[in-house]
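The values are calculated or read from the model by the stated rules, or taken from the named source; none is laboratory data. All values reported here derive from a predicted model rather than from experimental measurement. Quick reminder, even Gly has a Cβ in these numbers, built from the backbone with ideal geometry, and neighbours come from all protein chains shown.
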Amino acid sequence: MCGAVAHTSAQTYDGPRTADGRPDLGGIWQVLGSAAWDLEAHNAQDGIPAGLSVVDGGTIPYRPAAATARDANRINRLTDDPVRKCFLPGVPRVTYMPWPFRIVQTPDHVVLSYEFAHTVRIVYTDGSPHPLPNDFWLGDSRGHWEGDTLVVDTTHFNGQTWLDAAGNHHSNELHVVERYTPMTEYHLDYEVTLEDPRTYTRPWTMRMPIYKRMEPGLRLLDYDCVDHLLDALSEAEGGAR
């Protein structure tokens, strides 16, 4: 997916709709692939599958100092990744973590409930603006519809999350625009543009498909992150729980 395809404007799928006429995105969804491990192309490693880049042009356009920080993150990824400490993954990473998530729509909100650490994200679609600046792990998300595409604008990040497990990162000046476009009954096109003048030389875009989970009786299950954190702390202290 290196050199990703331009945004699809000729979308003709006309699927189920909500009472207010919007595409019905309700259901349980999941990204498949290796973006959670590394957004850029990478070889297989211990416990990590090989993968192609999901970034337009193949590589993230880092500023020199930010590229150096990314390299340091990568070396220390097994201890420094915030997700390994049970912190929230941030946006957009929470979308392509290797766990499913549920979408629930109302006329004024789109609620995304993620299996990872019971994370809940509310996208306000009532036309309200972003609040006065404040810092959030998941940022503040405001959405609107452009035809059948849900466009989500997210700002006010705390700058403490990574974009993947390979150390790709951002600052608290990150601005994310996500586009969720239904392509078939079972498939959303997910396009994300990231802008962060402290970290990147220019805005950049990535894209990946999101697939609907169709197993009968499927639901989101518990994710016991605390035990993993306690195990990690115990190992760091040289003992066992």
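Table: residues versus (1) within 17 Å of the chain's Cα centre (by Cα); (2) outside any loop (DSSP other than H, G, I, E, B); (3) buried (at least 17 other Cβ atoms within 10 Å of the Cβ).
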site	(1), (2), (3)
164	yes, no, yes
188	yes, yes, yes
192	yes, yes, yes
197	no, no, no
202	no, no, no
205	yes, yes, yes
Per the list (1) at pLDDT below 95; (2) within 30 Å of residue 215 (Cβ to Cβ); (3) not hydrophobic (A, V, I, L, M, F, W, C), residue check on residue 133 breaks on (2)
Cβ pairs under 6 Å, 6+ apart or interchain, first in region 152-179 and farther than 18 Å from residue 135 by Cβ, second outside any strand (DSSP E or B) and among the aromatic types (Phe, Trp, Tyr), ordered by first then second residue, are 165/37
Could you please let me know if residue 12 is of a type outside the set (A, V, I, L, M, F, W, C), over 14 Å from residue 207 (Cα atoms) and at pLDDT below 95?
yes
Those residues of region 21-38 which are of a type outside the set (Val, Ile, Thr), on the phi < 0 side of the Ramachandran plot, touching a residue at least 24 places away in the same chain (Cβ under 8 Å) and out of contact with any Ser or Thr (no Cβ under 7 Å at 6 or more places or on another chain) amount to 22, 23, 25, 26, 29, 30, 32, 35, 36, 37, 38
Residues of region 12-45 being among the aliphatic types (A, V, I, L, M) and crowded, with 17+ Cβ neighbours inside 10 Å, in sequence order, are 25, 28, 31, 35, 36, 39
Those residues of region 15-51 that are at pLDDT 90 or above, assigned to a loop (DSSP other than H, G, I, E, B) and closer than 22 Å to residue 114 by Cβ come to a total of 14
